[in-house]
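Below: the structure, in structure tokens.
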Amino acid sequence: MGDVTHENEIRDNESHKNVTHENETQESDEEFTVDDALVAMGFGKFQFYLLAYAGMGWIAEAMEMMLLSFVGPAVQAEWGLSSNKESMITTVVFFGMLIGAYSWGIVSDKFGRRNGFFITAIFTSTAGFSSALAPNYTALIIFRFFVGLGLGGGPVLSSWLLEFIPAPRRGTWMSVFSAFWTIGTLLEASLAWLVMPTLGWRWLLAFSAVPSAVLLIFYTTAPESPRYLCRKGRADEAQEILERIARMNHAELPPGVLVSDHQVAKVAELPSEDAYLLSQNKAENGTSDGLDSNVPKEASVFTLLSPQLLRSTLLLWVVFIGNAFSYYGLVLLTTELSNKNNTCNPNDAPSESRKTVDVNYRDVFITSIAEFPGLLLSAAMVDKIGRKMSMASMFFLCCLFLLPLAFKQSGSLVTPLLFGARICITATFTIVYIYAPEIYPTSVRATGVGVASAMGRIGGMTCPLVAVSLVHGCHRTAAILLFEAIIFVSGVCVLFFPFETSGRELTDDVSDMKPEVELT
């Protein structure tokens, strides 16, 4: 009787062990991606900190760009520069940004998002403070070029932040992030209003370099993107960051093993037995050994022209060029049209009337406030009616506001028209920086946005020639009509984007996407 009982106990124990093993095996078969984890944890305290950090970088870039509309006329008046030399102070910044936007995107995709924006912050802050001490025009041009080189890394910060935000609320929170740009423009307009009449343009340059220095001070607290780490096969590091997010947000990670979207797609293509063996291997090692064997090892600009991305890339370049041309052109145009001493000078020779500068800082400040309703409008539209329709409608509406300015208007009408145009162009600028990172996979996301941003700098480089030189040369109507044409073409290009990204999960690799010709 005792032997029978003993045998039953042994049988029960073995049965219990088998059940436990089966449960453990079942648990090890469970997988989750970074997107799954972010959705499960929600947008909490951790993301709010990242939003503040990235927002400081956006404030820094906005201030450095906004000050161009104040420093150019001031330096021109103090040093007796021609309008072409005044335009060059702005153009050289965009030339630096063109090089920087392309370079830092590749650096970010290859060496990490953190390394990318760390280097750019060093360039921007150092060159910004040096600009305030420039002894002559040549030195100022050189320092402003290096400022632009650093500012070219702005898209790296936006891509970094995007990869921490849950997909369902991505559009809304990236619109909130864009509000920091508006804060930067208003801060710069206020600073110029206070500093320029008393301390001068050098102090304005020095104060404007402070936000970039703040990024360096708090750099050690900024984590690497877990999506980037997972893509590079560093799942253990990605897991640690996700666990840190879970602790700060008082949430829990999904059960199972962290994998990349690319791994999930590959597992789905395997026979069931292979899938089982693969999941067992993940359970033992914690990561997939073959992660990088199936994907391109390095991001390449040529990848952006692959069949999966060609159409989006080319259209995005046109939209970025048109958007940058229009936005920065409107900023400069506001200053030029509000300068009480601004007179037509077809011969481009500095006259005594151009030896002083009398910018109406109140009007510049008012038109800068227009960015707030622009942000609110973009936040309201971007997730409800989609990225494409939001951008296109704002481009076309901007054309309507600008058209009356092709002819001389009273001062009381110029400011409201510029205010309305600024609302629209701010909305398109905000939405395109949401849309651009969403159409590219993780492997080339920073490169794709960086190159698109670099293309946009071509628009930024040429806009001073229109907003400053043409206006000075008594060609105001031609300048406004050129703005109209570029803005209208940009709106049409938006309508031809192959797909809407609202609510879509981010992809990890180009191989996970269908050729765009199949999507039309």
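The values are calculated or read from the model by the stated rules, or taken from the named source; none is laboratory data. Source: prediction; values computed, not measured. Positions of Cβ are backbone-derived with ideal geometry, glycine not excepted, and every protein chain shown enters the neighbour counts. The accessibility values were calculated without ligands, DNA or RNA, using every heavy atom of the protein model including side chains. Shrake-Rupley method; radii C 1.70, N 1.55, O 1.52, S 1.80 Å.
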Within segment 489-505, restricting attention to residues that are at pLDDT 90 or above and touching a Phe, Trp or Tyr at 6+ places or on another chain (Cβ under 7 Å), which residue is surrounded by the fewest Cβ atoms within 10 Å (Cβ to Cβ)?
-> GLY491
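Inside segment 139-156, can you point out the residues that are of a type in the set (Gly, Ala, Ser) and either touching a residue at least 40 places away in the same chain (Cβ under 8 Å) or within 9 Å of THR120 (Cα to Cα) (or both)?
If the condition is that a residue be of a type in the set (Gly, Ala, Ser) and either touching a residue at least 40 places away in the same chain (Cβ under 8 Å) or within 9 Å of THR120 (Cα to Cα) (or both), then GLY148, GLY150, GLY152, GLY153, GLY154 are the ones that fit.
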Working only within segment 87-119, note down all residues that are open to solvent by less than 10 Å² (accessible area, probe 1.4 Å) and within 30 Å of VAL466 (Cα to Cα).
-> SER87, ILE89, THR90, VAL93, PHE94, GLY96, MET97, GLY100, ALA101, GLY105
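Would you pick out the residues in segment 99-116 that are under 14 Å from GLY459 (Cα atoms) and modelled with pLDDT under 80?
Going through segment 99-116, the residues under 14 Å from GLY459 (Cα atoms) turn out to be 99, 101.
Selection gives ALA101 alone.
Picking from ALA189, ALA127, ALA139, which residue would you name as being aliphatic (A, V, I, L, M), within 23 Å of ARG114 (Cβ to Cβ) and either at pLDDT 85 or above or open to solvent by less than 30 Å² (accessible area, probe 1.4 Å) (or both)? Show your work before the answer.
Working: ALA189 fails: within 23 Å of ARG114 (Cβ to Cβ); ALA139 fails: within 23 Å of ARG114 (Cβ to Cβ).
After applying the criteria, what remains is ALA127.
I'm trying to understand the selection: among the residues of segment 190-220, which are under 23 Å from LEU51 (Cα atoms), in contact with a Phe, Trp or Tyr (Cβ under 6 Å, 6 or more places away or on another chain) and among the small types (Gly, Ala, Ser)?
Here is the first cut: in segment 190-220, the ones under 23 Å from LEU51 (Cα atoms) are 207-220.
The next check asks that each one be in contact with a Phe, Trp or Tyr (Cβ under 6 Å, 6 or more places away or on another chain); those that pass are 209, 219.
Passing the criteria: only ALA209.
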Members of segment 372-423 found to be without any contact (Cβ under 8 Å) to a residue 40 or more places away in the chain, more than 20 Å from GLY329 (Cβ to Cβ) and of a type outside the set (Gly, Ala, Ser), listed by number | LEU376, LYS384, ILE385, MET389
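So that you can scan it fast, the table gives a plain yes or no per residue for (1) open to solvent by 40 Å² or more (accessible area, probe 1.4 Å); (2) closer than 19 Å to LEU495 by Cα:
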{"site": "ASP383", "(1), (2)": "yes, yes"}
{"site": "LEU405", "(1), (2)": "no, no"}
{"site": "ILE425", "(1), (2)": "no, yes"}
{"site": "ILE434", "(1), (2)": "no, yes"}
Pairs, first among the small types (Gly, Ala, Ser) and surrounded by fewer than 24 Cβ atoms within 10 Å (Cβ to Cβ) in segment 46-74, second in a helix (DSSP H, G or I) and modelled with pLDDT of 85 or more, C-beta under 6 Å, six or more apart | GLY55/PHE180; ALA74/TRP201
